[in-house]
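**Student:** The following block contains the structure, expressed as structure tokens.
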Amino acid sequence: DGLTAAEQREFQSRMERKQMKEFMGMFSGLVNHCFESCIDDFTTKSLVQRETGCVTRCVKKFMAGSERIGQRFQEQQAQMMQQPPPGR
Amino acid sequence: DGLTAAEQREFQSRMERKQMKEFMGMFSGLVNHCFESCIDDFTTKSLVQRETGCVTRCVKKFMAGSERIGQRFQEQQAQMMQQPPPGR
Amino acid sequence: DGLTAAEQREFQSRMERKQMKEFMGMFSGLVNHCFESCIDDFTTKSLVQRETGCVTRCVKKFMAGSERIGQRFQEQQAQMMQQPPPGR
Amino acid sequence: MSGMFGFGRPQPSSAEKIAAAEQEMDLVTDMFNKLQQACMKKCVPKDYREGELNKGEGVCIDRCASKFFDVQMKISELLQAEAQAKGATGGGFGVGGL
Amino acid sequence: MSGMFGFGRPQPSSAEKIAAAEQEMDLVTDMFNKLQQACMKKCVPKDYREGELNKGEGVCIDRCASKFFDVQMKISELLQAEAQAKGATGGGFGVGGL
Amino acid sequence: MSGMFGFGRPQPSSAEKIAAAEQEMDLVTDMFNKLQQACMKKCVPKDYREGELNKGEGVCIDRCASKFFDVQMKISELLQAEAQAKGATGGGFGVGGL
């Protein structure tokens, strides 16, 4: 409300950049976490089969966990909207 | 010096945002740290008394430590202002 | 291409700020890492000789590692430029 | 950027409203990331021998999330109480209803 | 993002082009930092008894970097595959050719 | 934003001065946070059996902060020396008098 068309456009474009940034943050966090967890053998230059498998499962499990946590998070946000903040 | 009124207002509003951001960063770091340190029992859905107590002490100690470090930090900043940087 | 002179100047000044920010991030990460690795004796207020030596070697080794990783990184970026992304 | 002519506070400008909305989004994102990291660490072993969340891990994550929110709330209350004890004037800080 | 008057995309404005370029730089920087941290941790002991990278450490870093890129690529593929499975319309996301 | 007419470098614009001031604030904040994290970790046990800083912890924090500043200074000197050795022209980099 109260935004001009140009301001709305600017706002939307910032939100898109922010989403992109969040996606990139998620991606880089995921790479970091699965690399840390799965790679410990530096006698070879390329991933060995065991490592590739571990990375695949790591990503899958991370996504599943992320989804589940996302659900709990949304429920809690929705619940907070209904209750007024305490002590006001 | 040299800022127009509009620029000053813009600057001030950015500083306020920055402070808010710092406060939020402190808050989220505190939640993270005290959660990590105090919560390890996932047989219940709500905090048990021991955990609540631990979180309370964690916050108290964190604030006390933060204040003390803040004092040392300010002393050091003040000292640095007096000494010119070495090797110039 | 397509930027006005003012926009180019703005862009350049943002890139400079970004580089400065990266340098500062590197600096603060280096301080953090070498402090964590080298300092563990809190019976004195000033660095003891062993600690100073450790910090010096830590910085040297960090820079050497950083340079080496930077080379690998650039090779990989260059290689990626040549290959089109998979699956398009 | 706003207040071109510098007299009066010309409405909380829309640029400021945008900035405030963005900051809130940032806090929510940050909290989500911290929650995820903390609960994955507490509930999911890092050896990744299977790709599915098993039942125990799922239940652990639910409880972990619930406790994380409780800690958030608790700390928010403690900070508000402290701010009031210090006689902070005005509506006080403390992150909204967190 | 575009469509001032709802018709057409009125050129991707130069502000937008700059923002996109900056974001890409940020991702590259972030990845470089993560790679460096991870490989220093995996390959270089923290006691710093010498200031030079010894040969073993150097070789370890080379391999570590190579595996880090492989993991990046692998995860990028997995995410793209998943996005396609979910029927994401359009060119799909996935971080460039990573 | 500045240089409306694009000729000459019309004073370091106030927008640039603001940006520089902000960056310095960011570094100071970042350093404070790193210092706090590091010294809480080194000096305060994480079991939180008491809410007060006891005397030993307080003294440890003071010394820890002092050593942190020393390390900062030392590393700043090392980086400046290296920059000079590489023949970096001009005033050189290195974070101020840190």
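**Student:** State yes or no: is C:G29 small (G, A, S) and more than 7 Å from every other protein chain (Cβ to nearest Cβ)? Don't jump to the end; show me each part of the working.
**Tutor:** Working: small (G, A, S): yes; more than 7 Å from every other protein chain (Cβ to nearest Cβ): yes.
Judged against the criteria, C:G29 is a match.
**Student:** For the range C:8-26, name all the residues that are more than 9 Å from chain F (Cβ to nearest Cβ) and charged (D, E, K, R).
**Tutor:** Hits for the range C:8-26 are C:E16, C:K18, C:E22.
**Student:** Please indicate, with yes or no, whether at least one residue in the range B:19-35 is of a type in the set (K, R) and modelled with pLDDT under 95.
**Tutor:** As a first pass, look at the range B:19-35 and keep what is of a type in the set (K, R): B:21.
Those left that are additionally modelled with pLDDT under 95: B:21.
Scanning the range B:19-35, I find at least one residue that is of a type in the set (K, R) and modelled with pLDDT under 95, so the answer is yes.
**Student:** Mind checking which residues of the range A:35-88 are part of a loop (DSSP other than H, G, I, E, B), hydrophobic (A, V, I, L, M, F, W, C) and more than 7 Å from every other protein chain (Cβ to nearest Cβ)? Give the steps one after another, and end with the answer.
**Tutor:** Of the range A:35-88, the ones part of a loop (DSSP other than H, G, I, E, B) are A:39-48, A:83-88.
Right, trim to hydrophobic (A, V, I, L, M, F, W, C) and you get A:39, A:42, A:47-48.
Within the range A:35-88, A:V48 is the sole residue that qualifies.
**Student:** While we're on this one: Kindly indicate whether E:E22 is among the acidic types (D, E), in contact with a Ser or Thr (Cβ under 9 Å, 6 or more places away or on another chain) and either surrounded by fewer than 16 Cβ atoms within 10 Å (Cβ to Cβ) or at pLDDT below 95 (or both). Working first, answer last.
**Tutor:** Details: among the acidic types (D, E): yes; in contact with a Ser or Thr (Cβ under 9 Å, 6 or more places away or on another chain): no; either surrounded by fewer than 16 Cβ atoms within 10 Å (Cβ to Cβ) or at pLDDT below 95 (or both): yes.
No.
**Student:** Another one. Check off (1) outside any helix (DSSP H, G or I); (2) within 11 Å of chain F (Cβ to nearest Cβ); (3) closer than 12 Å to D:V71 by Cα for B:L3 and give me the number that stays unchecked.
**Tutor:** (3)
**Student:** Filter the range A:44-83 for residues that are among the charged types (D, E, K, R), in contact with a helix residue (DSSP H, G or I) (Cβ under 6 Å, 6 or more places away or on another chain) and either surrounded by 17 or more Cβ atoms within 10 Å (Cβ to Cβ) or modelled with pLDDT under 95 (or both) and give the result.
**Tutor:** Of the range A:44-83, the ones among the charged types (D, E, K, R) are A:45, A:50-51, A:57, A:60-61, A:67-68, A:72, A:75.
Checking which are in contact with a helix residue (DSSP H, G or I) (Cβ under 6 Å, 6 or more places away or on another chain) leaves us with A:45, A:51, A:68, A:72.
Those that are among the charged types (D, E, K, R), in contact with a helix residue (DSSP H, G or I) (Cβ under 6 Å, 6 or more places away or on another chain) and either surrounded by 17 or more Cβ atoms within 10 Å (Cβ to Cβ) or modelled with pLDDT under 95 (or both): A:E51, A:R68, A:R72.
The values are calculated or read from the model by the stated rules, or taken from the named source; none is laboratory data. Bear in mind that the values here come from a model prediction, so they are computed numbers and not experimental data. Heads up, the Cβs are rebuilt from the backbone with ideal geometry, glycines too, and the neighbour counts pull from every protein chain shown.
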